[in-house]
Amino acid sequence: MIEYENLGLTNKPFHEDFLRNFRDILEKGWFILGRQVSDFEEAFAAYCATSWCAGVGSGLDALVLSLMTLGIPRGSEVIVPSNTYFVTILAIIRCGLKPVLVEPDIQSYNINPLLIEQAITKKTRCLLVVHLYGKVCDMDPILSIARRYDLAVVEDCAQAHGAEYKHKKAGSFGHLGAWSFYPTKNLGALGDAGAVTSNLAPMIEKIKTLRNYGSSSKDYIDYIGANSRLDEIQASFLLVKLKSLDTINEHKRRLAALYTEYLKSDFVTPLVHPDYYDIYHIYNIRHPQRDKIRDYLTRKGIMTRIHYPVPPHKQKALKGFVKGEYPVAALIHDTTLSLPVSFHHTVDDIFHVIEALNKY
């Protein structure tokens, strides 16, 4: 069997370092906002080519705290892609803001810059772009629009650890970059964890205050904040894996290149363009017979995933918050299939998947 993911195998190369760091933290007895967190914040900011980083409890918290930090008035509009995981939109709603969905480019699956301006109104305050599947959005036109209309830019970088656009890393373009280190990410913790990156020191300082109840000093509260602190243990694990993130990304890129080169043209494969350094958190293909293909692969012992089966505008909980039809997003969600492309997979694994697909 070829599993879609096996986190035990993916993390096996790091076990000894994990155990050594864990024992050290256990002996020192400092578990919240200590040296491991500050070291990781410094290292991850440097990796992303940003000035600052603040560790938080999860990717959702990273988005929520980013929007809170901007101080956007309740009821304001935030433009967001119609093709994203629903958590991105959940963060907007949690902050009392209104999500305005814009369709993706059918080739990149990311928000289509050509459609953004027509969605802007007097209430628009922010562009929340999502670097989906490990590909950075087309940021030049997006940033140009943001400057023209004086809009904040928040990047959802949950799937883009190390991804680049024109040799610049995800999380370094906007006012704030929100990160998830969910265990399956290219840079995955062993539990929930997140971070926010920025080149704006006041925003990071506010994030650090908001994550700690809204308190900048013990027993005094400045804002209505949250309890969302990256803990020492997860930070230490992330520090270990960060040293190997480029190796992880290059391995996944090599596997992805095999799919792209050898899969038959029946399958729509991800767009490859020299402006983008894609890190393939997800390698997705599209096909109108997606469900039949998935069943076929399962019978052959090849596990796959669907990212994602239901678009945001069709989600039950988002009714009343999101209106309209989004046919491009719906088409993607109806036809997309994610293939195995983990750090633990081998070239032989990928050729086995390719052979099975080409015989379909």
(Q) Quick test for you: out of Arg286, Arg294, Arg305, pick the one residue that is closer than 24 Å to Tyr165 by Cβ, assigned by TED's automatic domain parsing to the domain that holds Ser265 and buried (at least 17 other Cβ atoms within 10 Å of the Cβ). (A) Arg286
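Per-residue answers, yes or no, for (1) in the same structural domain as Leu60 (by TED's automatic domain parsing); (2) more than 19 Å from the chain's Cα centre (by Cα); (3) in a loop (DSSP other than H, G, I, E, B):
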site: Gly214; (1), (2), (3): yes, yes, yes
site: Asp222; (1), (2), (3): yes, yes, yes
site: Ile233; (1), (2), (3): yes, yes, no
site: Ser236; (1), (2), (3): yes, yes, no
site: Asn249; (1), (2), (3): no, no, no
site: Ala256; (1), (2), (3): no, no, no
site: Ser265; (1), (2), (3): no, yes, yes
site: His273; (1), (2), (3): no, yes, yes
site: Ile279; (1), (2), (3): no, no, yes
**Q.** Enumerated helices (runs of 4 or more DSSP H) restricted to the range 1-80, each holding at least 1 residues that are among the small types (Gly, Ala, Ser) and touching a Cys at 6+ places or on another chain (Cβ under 8 Å)
**A.** 35-47
Q. Does any residue of the range 197-205 turn out to be of a type in the set (Asp, Glu), farther than 21 Å from Leu128 by Cβ and not in a loop (DSSP other than H, G, I, E, B)?
A. yes
Q: Determine if the range 138-149 includes at least one residue that is of a type in the set (S, T, N, Q) and under 16 Å from the mean Cα position of the chain (by Cα).
A: no
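Quick check: is even one residue across the range 281-293 touching a Gly at 6+ places or on another chain (Cβ under 6 Å) and under 27 Å from Leu242 (Cα atoms)?
yes
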**Q.** Flag if Ala49 is under 18 Å from the mean Cα position of the chain (by Cα), at positive phi, surrounded by fewer than 23 Cβ atoms within 10 Å (Cβ to Cβ) and not hydroxyl-bearing (Ser, Thr, Tyr)
**A.** yes
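Residues checked against (1) acidic (Asp, Glu); (2) crowded, with 21+ Cβ neighbours inside 10 Å; (3) closer than 30 Å to His251 by Cα; (4) in the same structural domain as Tyr280 (by TED's automatic domain parsing):
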| residue | (1), (2), (3), (4) |
| --- | --- |
| Lys168 | no, no, yes, no |
| Gly174 | no, yes, yes, no |
| Gly177 | no, yes, yes, no |
| Pro183 | no, no, yes, no |
| Leu190 | no, no, yes, no |
| Ala193 | no, yes, yes, no |
| Thr197 | no, yes, yes, no |
| Leu200 | no, no, no, no |
| Lys206 | no, yes, no, no |
Q.
For the range 144-200, which positions are within 19 Å of Thr69 (Cβ to Cβ), in contact with a Ser or Thr (Cβ under 6 Å, 6 or more places away or on another chain) and not polar (S, T, N, Q)?
A. Val154, Asp156, Ala158, Gly171, Leu176, Gly177, Ala178, Gly194, Val196
Q | Among (1) closer than 20 Å to Tyr4 by Cα; (2) hydrophobic (A, V, I, L, M, F, W, C); (3) buried (at least 17 other Cβ atoms within 10 Å of the Cβ), the one test that Phe351 misses | A | (3)
Q) Can you name every residue in the range 45-77 that is more than 20 Å from Tyr223 (Cβ to Cβ) and either touching a Lys or Arg at 6+ places or on another chain (Cβ under 9 Å) or not assigned by TED's automatic domain parsing to the domain that holds Gly194 (or both)? A) Tyr47, Cys48, Ala49, Thr50, Gly59, Glu77
(Q) Condition first: assigned by TED's automatic domain parsing to the domain that holds Pro270, buried (at least 18 other Cβ atoms within 10 Å of the Cβ) and in a strand (DSSP E or B). Can you find one or more residues in the range 319-333 that meet it? (A) yes
Q) Going by the conditions given, is Ile145 outside the structural domain of Thr336 (by TED's automatic domain parsing), assigned to a helix (DSSP H, G or I), in contact (Cβ under 8 Å) with a residue 40 or more places away in the chain and not charged (D, E, K, R)? A) no
Q) Just wondering, is there one or more residues in the range 327-336 that are in contact with a Ser or Thr (Cβ under 6 Å, 6 or more places away or on another chain) and under 26 Å from Gly188 (Cα atoms)? A) no
(Q) Could you tell me how many of the residues in the range 82-98 are buried (at least 22 other Cβ atoms within 10 Å of the Cβ) and either of a type outside the set (A, V, I, L, M, F, W, C) or farther than 20 Å from Lys319 by Cβ (or both)? (A) 4
Q | Asp275, sole failed condition from (1) within 30 Å of Lys166 (Cα to Cα); (2) modelled with pLDDT under 95 | A | (2)
Q) Taking the range 41-56 as the region of interest, how many residues are touching a strand residue (DSSP E or B) at 6+ places or on another chain (Cβ under 6 Å) and not β-branched (Val, Ile, Thr)? A) 9
Q.
Go through (1) in contact with a Lys or Arg (Cβ under 9 Å, 6 or more places away or on another chain); (2) of a type in the set (Gly, Ala, Ser); (3) under 30 Å from Asp348 (Cα atoms) for Ser244 and report which single condition fails.
A. (1)
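The values are calculated or read from the model by the stated rules, or taken from the named source; none is laboratory data. Since the model is a prediction, treat every value here as computed from it, not as a measurement. No Cβ is skipped: glycine too gets one built from the backbone with ideal geometry, and neighbour counts run over all protein chains shown.
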